[in-house]
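The values are calculated or read from the model by the stated rules, or taken from the named source; none is laboratory data. Everything numeric here is computed off the predicted structure, so don't read it as measured data. Don't worry about glycine lacking a Cβ; one is built from the backbone with ideal geometry, like all the others, and counts go over all protein chains shown.
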């Protein structure tokens, strides 16, 4: 029987031990991508790492240090980034649909042309974040300071109607 060629995640793992590798999902039995150093016991420090174009579907980055990490073009659909420190990270053109970003510190991060529809950004810090070209009208922006981010006028107008700025802010 012929040997199976390694997929892109296996190739990434061979070149850098901190990049995503396939793991089996215990509920469905299907493989999923998740970085090796994301453990429940230890700190999740992935700062300054590159995940360009990586398949990180349903990955768990809850509370992780992702400062200055690069996720440009990555597929993060369904990932958990709740409470993550994402300051100055780059998510240009990333698929972030259905991503949990509640309580995340996204100050100064770049989300240009990212897909954020159906994501939860409740209580996220967005000061200085670049969200131009973002698709995120159907996301939850409750108590997120979206008015401190740079974004297109059309998104600003839509958010102003649905998630108005509180009078004391």
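Evaluate the following for residue 143: is it closer than 25 Å to residue 46 by Cα and either part of a loop (DSSP other than H, G, I, E, B) or free of Cβ contacts under 8 Å to residues at least 12 places away in the same chain (or both)?
Taking the combined requirement at face value, the residue does not satisfy it.
Quick one: is residue 72 modelled with pLDDT of 95 or more and under 11 Å from the mean Cα position of the chain (by Cα)?
yes
Look through 128, 73, 103 and report the one residue that is in a loop (DSSP other than H, G, I, E, B) and over 22 Å from residue 162 (Cα atoms).
Result of the check over 128, 73, 103: 73.
Considering every residue within segment 33-46, establish whether at least one is surrounded by fewer than 17 Cβ atoms within 10 Å (Cβ to Cβ) and modelled with pLDDT of 95 or more.
Within segment 33-46, one or more residues are surrounded by fewer than 17 Cβ atoms within 10 Å (Cβ to Cβ) and modelled with pLDDT of 95 or more.
When you look at residue 77, is it touching a helix residue (DSSP H, G or I) at 6+ places or on another chain (Cβ under 6 Å) and without any contact (Cβ under 8 Å) to a residue 40 or more places away in the chain, yes or no?
no
Look through segment 131-140, keep the residues that are assigned to a strand (DSSP E or B) and within 20 Å of residue 73 (Cα to Cα), and return whichever of them is modelled with the lowest pLDDT.
That would be 135.
Return the only residue of 159, 81, 116 being farther than 18 Å from residue 64 by Cα and within 11 Å of the chain's Cα centre (by Cα).
It is 116.
If residue 109 satisfies every condition in (1) over 20 Å from residue 160 (Cα atoms); (2) surrounded by fewer than 24 Cβ atoms within 10 Å (Cβ to Cβ) but one, which is the exception?
Exception for residue 109: condition (2).
With the condition kept exactly as written, say whether any residue in segment 155-163 is at pLDDT 95 or above, more than 20 Å from residue 46 (Cα to Cα) and in a loop (DSSP other than H, G, I, E, B).
Within segment 155-163, none of the residues are at pLDDT 95 or above, more than 20 Å from residue 46 (Cα to Cα) and in a loop (DSSP other than H, G, I, E, B).
So which residues in segment 117-131 are crowded, with 16+ Cβ neighbours inside 10 Å and farther than 15 Å from residue 99 by Cα, if there are any at all?
Of everything in segment 117-131, those that are crowded, with 16+ Cβ neighbours inside 10 Å and farther than 15 Å from residue 99 by Cα turn out to be 125, 126, 129, 130, 131.
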